[in-house]
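To start, the structure under review is shown below, and the notes come after it.
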Amino acid sequence: MIEVVNLSLNYGDLKVLKDISFTIEQGEKIAIIGPSGSGKSTLLRCLNCMEEPSSGSIIFEGDDIADSSVDLNLHRRSMGMVFQQFNLFNNKTVIDNIMMAPLHIGLHNLRKMKWQNILLKLRNLFSKEKKPLNEISSTPAQIKAEIKDSAMSLLRRIGLEDKKDVYPSTLSGGEKQRIAIVRALAMNPKVMLFDEPTSSLDPEMVGEVLDLIRVLADEGMTMVIVTHEMGFAKEVATRVLFMDDGRIAEDSPPEKLFSDPQNPRTKEFLSKVKAL
């Protein structure tokens, strides 16, 4: 699904990512762990080019999205991204936050088809070969209603349908993060990227967010998660990448990496984590 080839990223003379290569297969759950400053979040943000690589390729469904000639926005629709700080729009209600992106795309596509039909009609006036017009079966109101129904289904799924008309400032941290996750799911992504989704939460709120991610994993969602939750990584991940100094120092199934790490830095890191 995703192939990273010789990926590097520099900030001036500072080398943040150093010649990283790995693949993500459909249905895999990959946890990225490692010390602070090792490049974990930067690598994750590179996967949908929120950070522009200095060199290398990121092949997603056959296209190199690190290539400036590729329609990056089109591919980003298939990659859900959940951040540490929720990134909800505080001036919009919960339901509006969830609906915003799919509604924008739905209305954009409708306008595009209407404009194409205008051009086709003009072309058909002056051409012997008449091309069929796009079949438009939805109105803006219908599109909005369908997207709202889908958003409400997502809210019911996480038990927050009663929060649809409130603003994010009234929610707990755990509620905000679950809303952020279903907002990403509203785009029907093929892969989910999580950047330390529990790091800004109080300890009692961590479980409810991890439970939702665990459900998505059980349903077969392809996901990459940067996390400090070692127990969660061991339980949910199909592979664990340990990063150190901008490189992937170890890439193993969780049962092997946590019980028998091969890299000295992995051993050192895990021994410190267990000691805390």
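Just so you know, all these numbers are worked out from the coordinates, no wet-lab data involved. As the structure is a prediction and not an experimental result, all values here were calculated from the model. All Cβ positions, even for glycine, are placed from backbone atoms using ideal geometry, and neighbour counts span all protein chains on display.
Show that you can apply the helix-only estimate: for the chain, add -39,500 (n - 2.57) for every DSSP H stretch of four or more residues, divide by all residues, and state [θ] at 222 nm to the nearest 500. -13500 deg cm²/dmol, from helical runs alone. Between Lys267 and Asp245, the modelled labels are 1.7 nm apart [label points 7 Å from Cα along Cα→Cβ]. Using +1 at the Cβ of each Lys and Arg and -1 at the Cβ of each Asp and Glu in the chain, identify which of Pro261, Pro132, Leu43 lies farthest towards the dipole's positive end. Selected residue: Pro132. Rounded to the nearest 0.05, the FRET efficiency derived from the C-beta distance between Glu204 and Glu3 at R0 = 45 Å is 0.70. Largest mean-square fluctuation among Gln26, Gln84, Gln116, in a Gaussian network model of the chain whose springs join Cα atoms under 10 Å apart, belongs to Gln116. Here, P(r) means the percent of Cα pairs in each 10 Å bin from 0 to the largest distance; for region 1-134 it is 10, 28, 27, 20, 11, 4, 0.
How many percent of all Cα-Cα pairs in region 85-225 sit more than 19 Å apart? Summing the P(r) of region 85-225 above 19 Å gives 59 percent of all pairs. On the basis of the beta-carbon distance and an R0 of 41 Å, Gln26 and Glu129 show a calculated FRET efficiency of 0.50.
For the options Lys29, Lys15, Lys112, a Gaussian network treatment of the chain with springs between C-alpha atoms closer than 10 Å singles out Lys112 as fluctuating the most.
Overall, region 66-193 carries a charge dipole of about 460 debye about its Cα centre when +1 sits on the Cβ of Lys and Arg and -1 on the Cβ of Asp and Glu, all other atoms neutral.
Normalised by the number of residues in region 210-276, what is the relative contact order in percent for Cα pairs under 8 Å and 6+ residues apart? Taking the mean separation of contacting Cα pairs over the length of region 210-276, I get 20 percent.
Computed extension length for Met152-Gln85: 21.8 nm, one decimal, from 0.36 nm per residue of separation with the Cα-Cα distance subtracted. Computed from the C-alpha gyration tensor, the three semi-axes of the ellipsoid equivalent to the chain are 38, 26, 15 Å, from longest to shortest. Under the convention that each Lys and Arg Cβ holds +1 and each Asp and Glu Cβ holds -1, the size of the dipole of the chain around its Cα centre is about 1200 debye.
Taking 37 °C and 0.692 mPa s as conditions, region 183-231 diffuses translationally at an estimated 285 µm²/s according to Stokes-Einstein applied to its Kirkwood radius (Cα pairs). Computed over the chain, relative contact order equals 28 percent, with contacts defined as Cα pairs under 8 Å that lie 6+ residues apart. Taking a straight line from the alpha carbon of Lys15, these lysines sit under 19 Å away, with near neighbours fewer than eight places off in the same chain left out: Lys40.
Look at the alpha carbon pairs under 8 Å that are at least 6 residues apart: their mean separation over the length of region 1-112 gives a relative contact order of 23 percent.
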